[in-house]
Structure formats: C-alpha cells, structure tokens
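Student: Structure incoming, see below.
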Amino acid sequence: MTPRLTPGAVLAETGVVAVVRGTRGDRTAAVLDTLVRAGVRCLEVTLNTPGALDAIRAAADRLPALADGPIEVGAGTVRTAADATAAVRAGATFLVAPGTGAEVAAAARDLGVAHYPGALTPTEVETAWNLGATAVKLFPARALGPGYLRDLREPFRDVPFVPTGGVSAATAGEYVAAGAVAVGAGGSLIGDALDGGPLDALADRARALLAAVAAARGTGAA
C-alpha cells in the first residue's frame with residue numbers, strides 16, 4: 001500500500017489556504033503576490049479561473065522570492081486525471097477537488113502529490129479517506145458550520161479536515177477550535193480583488209484571517 005502523504009508543511013504551519021477563483025485572469029498574479037506579501041503561503045488557483053495553469057507555472061517561479069518562508073502552490077477544482085496531470089506539470093504541489101472522485105485520487109497518488117478532496121456527509125468523508133486523501137476538504141462548510149465539524153471529528157479523529165466555503169476571519173477560529181487542521185478561504189478573502197478591487201484591502205483581509213487562525217491555535221501572530 002502506498003504511504004499516505006501528510007498535509008503540506010506550510011498548510012499545517014499557517015493553517016490557511018487561499019482559494020483564488022475568478023472569471024478573469026488578468027489580475028491573478030497581482031492577487032497572488034499580495035497574498036504572499038501579507039503572509040499567506042499556501043495558495044490554490046482553481047482550474048476554472050482563466051489562465052490558471054499559466055498562473056500556477058509563473059507563481060511557482062516568482063513567489064518564493066516574495067515570501068517569508070516556503071510556499072505551496074496548488075490547483076483547485078481538479079475533476080479529472082487530465083486536470084491533475086496538467087496541474088502538476090505546471091508546478092502544482094497539491095490538488096484540491098470539489099468531490100470524492102476516484103479518478104483524481106488515483107492520479108494524485110500516481111503523481112505523488114497531496115490530494116484534498118471535497119466531502120460533506122460522513123459517507124463522503126469515509127470514501128475520500130479510503131481513496132487516500134491527504135486531508136478532507138469539508139465543503140461547503142457554511143452549510144452546517146463548526147458544530148457539524150465537531151460532530152464529524154468524533155468518529156473521524158484520524159482525518160485532517162480543511163473546512164472551505166463560507167469561512168472568513170470571523171468564523172475561522174471556530175473551525176480551528178472544532179478541530180480543523182486548517183481552513184480554506186475564497187470569496188470572503190479574495191473579495192473583489194480579481195475584478196479590480198483594492199489590493200491593500202485584500203492584504204488587510206489576509207492578515208486578519210491569519211491572525212484569527214493563529215489566535216485560535218494560541219500561537220499569536222501568524
């Protein structure tokens with residue numbers, strides 16, 4: 001049996017993955033740069049964002065020089081083996097899927113990268129874990145909230161959870177307290193930045209999210 005990968009060191013350290021998803025791609029690089037300068041070092045670019053593979057490829061080369069420590073750049077909305085292969089060839093070090101498809105799980109295993117499939121129900125969590133998930137993306141987390149994660153943790157104490165979908169600086173600490181190894185933040189974090197919104201406001205949101213997670217962990221500033 002292939003050994004199960006553990007969640008990436010950067011994700012485990014910072015407790016935050018930024019989910020970068022948009023309908024246009026001309027601001028992706030600026031958004032990624034801003035996030036990294038604000039302290040976010042685990043970044044997911046979804047494949048349904050225009051130019052996602054090019055953005056991942058460029059980010060893997062550009063962002064380390066901007067970061068205060070190592071970074072992880074991955075691909076999100078990975079739904080097929082072809083998606084997985086293309087993303088890893090572009091430089092993605094982890095793959096995030098919206099569901100628990102066996103095809104993506106097998107591809108991630110063959111490619112030797114971390115895999116975070118989406119799941120909501122206990123059956124889906126068990127399926128994802130049995131398929132070799134590195135951690136399970138609890139999605140959409142807003143549907144049932146931190147209390148639901150706490151309930152899931154009772155039978156699934158060996159499963160690392162990354163709640164995503166509706167998580168913000170205001171709620172991130174509650175998910176961490178409920179047992180999340182990290183949180184994923186998309187719309188609440190990115191806001192209108194990909195559509196031309198102010199990057200300084202994006203940086204403020206990023207710092208607030210990191211601080212909320214760090215406070216919930218009792219580690220101070222992230």
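Student: Where in the chain are the helices, taken as whole DSSP H runs, whose Cα atoms extend 20 angstrom or more along the long axis and whose Kyte-Doolittle mean reaches at least -1.0?
Tutor: Length and hydropathy pass: 199-217.
Student: Same structure again: Can you list residues whose amide H is under 5 Å from Cys42's amide H, if they're 5+ apart or on another chain and H is modeled 1.01 Å from N?
Tutor: Residues meeting the criterion, in which the H sits 1.01 Å from N, are Ala18, Glu72.
Student: Sort 9-19, 106-116 by the packing proxy (mean of other Cβ within 10 Å over each peptide's residues), most packed first.
Tutor: 9-19, 106-116
Student: Another question, if that's okay. Please report the antiparallel percentage of the DSSP beta bridges confined to the chain, to the nearest 5. Don't skip to the answer; put the middle values down first.
Tutor: Working: 0 of 20 bridges.
Bridges in the chain are about 0 percent antiparallel.
Student: Looking at the square roots a ≥ b ≥ c of the eigenvalues of the Cα gyration tensor of region 99-161, which shape do they give, rounded for a/c under 1.5, prolate if a/b is larger than b/c, or oblate?
Tutor: Verdict is prolate for region 99-161.
Student: Does region 1-54 come out rounded, prolate or oblate, given a ≥ b ≥ c as the square roots of the eigenvalues of its C-alpha gyration tensor, rounded meaning a/c under 1.5 and, failing that, prolate meaning a/b above b/c?
Tutor: Because a/c hits 1.5 or more and a/b fails to exceed b/c, region 1-54 counts as oblate.
Student: With equal scatterers on the alpha carbons only and no solvent term, can you work out the Debye log10 of I(q)/I(0) for region 59-116 at 0.13, 0.22 1/Å?
Tutor: Debye output, listed in q order: -0.32, -0.75.
Student: Then there's this: Distance in nm between label sites at Asp110 and Asp68, each 7 Å beyond Cα in the beta-carbon direction?
Tutor: Once both label points are built, they end up 4.2 nm from each other.
Student: Only Lys, Arg, Asp and Glu count, each charged at its Cβ (+1, +1, -1, -1), so figure out the dipole size of the chain about its Cα centre, rounded to 20 debye.
Tutor: Charge dipole, the chain, about its Cα centre: 100 debye, nearest 20.
Student: Another question, then. Would you mind computing, in nm to one decimal, how far apart the modelled labels at Ala29 and Asp200 are, each placed 7 Å from Cα along Cα→Cβ?
Tutor: 2.4 nm
Student: Divide by every residue of the chain the summed helix terms, -39500 (n - 2.57) for each DSSP H run of at least 4, and state the resulting mean residue ellipticity at 222 nm, rounded to the nearest 500 deg cm²/dmol.
Tutor: One gets -12000 deg cm²/dmol as the mean residue ellipticity at 222 nm.
Student: Taking each pair of distinct Cα atoms in region 147-208 once, what is the resulting Kirkwood hydrodynamic radius in Å?
Tutor: Evaluated on region 147-208, it is 12.7 Å.
Only the coordinates and a few stated rules stand behind these numbers; no lab work does. In this text, all values refer to a predicted model and were calculated from it rather than measured experimentally. Reconstructed Cβ throughout: ideal geometry from the backbone, glycine too, with neighbour counts over all protein chains shown.
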